[in-house]
Amino acid sequence: MANNTPDKISKLPKGWGKLQARTAKALLNIEFSNLEAMIKSLDLEIDRLEAKLSKTNDEAEQALIIKESADRVAEVVARHVMRMRKKARALADESLEAELEELGIDPARTRTSASRADAAAAAAAGLSYASVWASTALSVILQTEEGQPKVRRSLENQDYRLERIAATETSRAFNDEHSRGVDSIADDESNKEKHWFPFIVKRWDAILDRKTCAICRDHDGDIVPLGINFSNDDTPGEVHPNCRCMSTLIPLPAFYTTEAA
Ligand SMILES: [Zn+2]
């Protein structure tokens, strides 16, 4: 079986390309809308921080103000990442259901709950961004001898980090949920006799644009049997921070043709 499996499937069965494109677009929409909201919230925090900092020249006091600000930032980012991950998981459920429906498999048991994992990931993302926030603000303050603190420009330059968090967490949550759903169906006793999985493979789908890195571009279209890792043990969505890849279930064309005929 594995020997006959092609490495890539470039020609898609009818319907799959559309399904994948719709999912990729929805994934990007989650990422962008949350990123925008997150930046708006942090904009307000910059106003607040600059106003407070301008009232004192005492370094210790300024450090404390920055520390408090960083704590709020950690909360803001965590809240947005949490929302992002929830949406991405819901999308993964929806996408997997559509994929299974196309394959004629009962999608009833794909839903999983991973709120604890979401909370942990969100908190970690919030804390790591807050530490960048604090060190950036602090270094600007220490360099400013007189006059108004000018932290806005430096902090706004950190937006790419937020972008990275948004892309990484969205894609990671989607892929976590998707593969968990696939595993749960494969483990389901009622599916064991159906042997539905030998003719289904997972395909690496990269979002191809000028930001796509060489590794992800190379993996795009890779296919492996379920339960087997992609080459180099790479995982879609986790190749690097900002990875926007996802995996999709597809039927092997040979079987698909046989089924359809
Ligand atoms: Zn990628």
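The values are calculated or read from the model by the stated rules, or taken from the named source; none is laboratory data. Everything numeric in this text was worked out from a predicted model, so none of it was measured. Every residue, glycine as well, gets a Cβ built from its backbone with ideal geometry; the counts of neighbours run over all protein chains shown.
Annotations
- Residue match in the range 46-57 (condition: without any contact (Cβ under 8 Å) to a residue 40 or more places away in the chain and surrounded by 15 or more Cβ atoms within 10 Å (Cβ to Cβ)): yes
- Residues in the range 54-85 that are in a helix (DSSP H, G or I) and over 30 Å from R116 (Cβ atoms): E59, A60, E61, Q62, A63, L64, I65, I66.
- Strands (runs of 3 or more DSSP E) enclosed by the range 196-254 - at least 1 residues per element that are under 15 Å from N175 (Cβ atoms), within 11 Å of the ligand (Cβ to nearest atom) and of a type outside the set (S, T, N, Q): 200-205, 246-251
- In the range 201-236, the residues that are at pLDDT 85 or above and small (G, A, S): A206, A214, G221, S231
- Close pairs (6 angstrom Cβ cut-off, 6 or more residues apart or separate chains): within 17 Å of G237 (Cβ to Cβ) in the range 197-216, within 11 Å of the ligand (Cβ to nearest atom) and among the aliphatic types (A, V, I, L, M) anywhere: D205/M246; T212/A206; I215/V239; C216/A206; C216/V239
- For L35, the stated conditions do not hold, so it cannot be described as at pLDDT 90 or above, within 19 Å of R152 (Cβ to Cβ), buried (at least 21 other Cβ atoms within 10 Å of the Cβ) and not basic (K, R).
- Within the range 164-200, the set of residues being of a type in the set (S, T, Y) and at pLDDT 70 or above comprises T168, T170, S171, S179, S184.
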